[in-house]
Each structure stands twice: as C-alpha cells, then as structure tokens.
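In what follows, a single structure is set out as structure tokens and then discussed.
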Amino acid sequence: MIAVRNVTIDQALGLPMPELLDAVGAEFTTVDIDDPAFHGSAIHTQSGRLIIVVPSSMAADTADRMVRFLVTQVCGIEVASSPVGLDVEFTYLDGGGNILSHTLAPAGGDR
C-alpha cells in the first residue's frame, strides 16, 4: 500500500511550495522532456518515495500550478477541475490496485 501524508485543499493551494512538499513527503524535480503532451507526473517509487516532476522548460508559475494540482490528486482531494485542457492519467504498475503514477496529459489526447 502506498502511504501519502494528506493535506487539506487550503494547504495544497496556499502553503509555500517547500512546506507543501514537506507536508506530503514529496520530492520535486524537473526533467528535460520535450514531449508537448507531458505536463507533469507524480510517481510513487517502490521504496515508498513520492517524486513530482515537471518539464524543465515549464514556466515557474505554471509548474507551481501543476505541482499543486498533482498534490491534490495524490492526496485524493476533490477539485472543481483540472488545469485547462488536461486530464490526469492513472497508471497501475504493481498488480495490487495501487496508483503508482498520476500524469497530466492533454484532455482526450493520445499518450
């Protein structure tokens, strides 16, 4: 079972980023991916770590919104909508029904 420390919607949207990442026990990094369909991902590793990644080319304010949205998804927080034009794709890799990846992708798009 994947353990994630939960936060409230107010914390997910209002805490300074370092405090938010610490509150959910996540690490943040950027990756050099030039795929225009990649907007970010939250990855649960087999060792129990939670890593949130966004493209290194993403503007800081957009990256902030994507990370906060991914945190809401990881924590199971209901939000009114996803970032404009994006859906969350859930990937199950462990055979036990645990969500191991939340990836932001174009709505209705092919990935």
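The values are calculated or read from the model by the stated rules, or taken from the named source; none is laboratory data. Because the structure is predicted, anything quoted here is derived from the model rather than measured. All Cβ positions, glycine included, derive from the backbone under ideal geometry; neighbour counts span all protein chains shown.
Overview of results
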| quantity | calculated |
| --- | --- |
| Any hit, region 93-106, residues being assigned to a loop (DSSP other than H, G, I, E, B), surrounded by 12 or more Cβ atoms within 10 Å (Cβ to Cβ), over 10 Å from the mean Cα position of the chain (by Cα) and at pLDDT 90 or above | no |
| Qualifying residue in region 69-79 (condition: of a type in the set (Ser, Thr, Tyr), modelled with pLDDT of 80 or more and on the phi < 0 side of the Ramachandran plot) | yes |
| Search result, residues across region 18-37 that are over 23 Å from ILE77 (Cβ atoms) and in contact (Cβ under 8 Å) with a residue 40 or more places away in the chain | ALA37 |
| Complete set of residues in region 37-57 that are surrounded by fewer than 18 Cβ atoms within 10 Å (Cβ to Cβ), over 14 Å from ALA26 (Cα atoms) and in contact with a Gly (Cβ under 9 Å, 6 or more places away or on another chain) | ALA37 |
| Test set (1) part of a helix (DSSP H, G or I); (2) surrounded by 11 or more Cβ atoms within 10 Å (Cβ to Cβ) - ASP61 fails condition number | (2) |
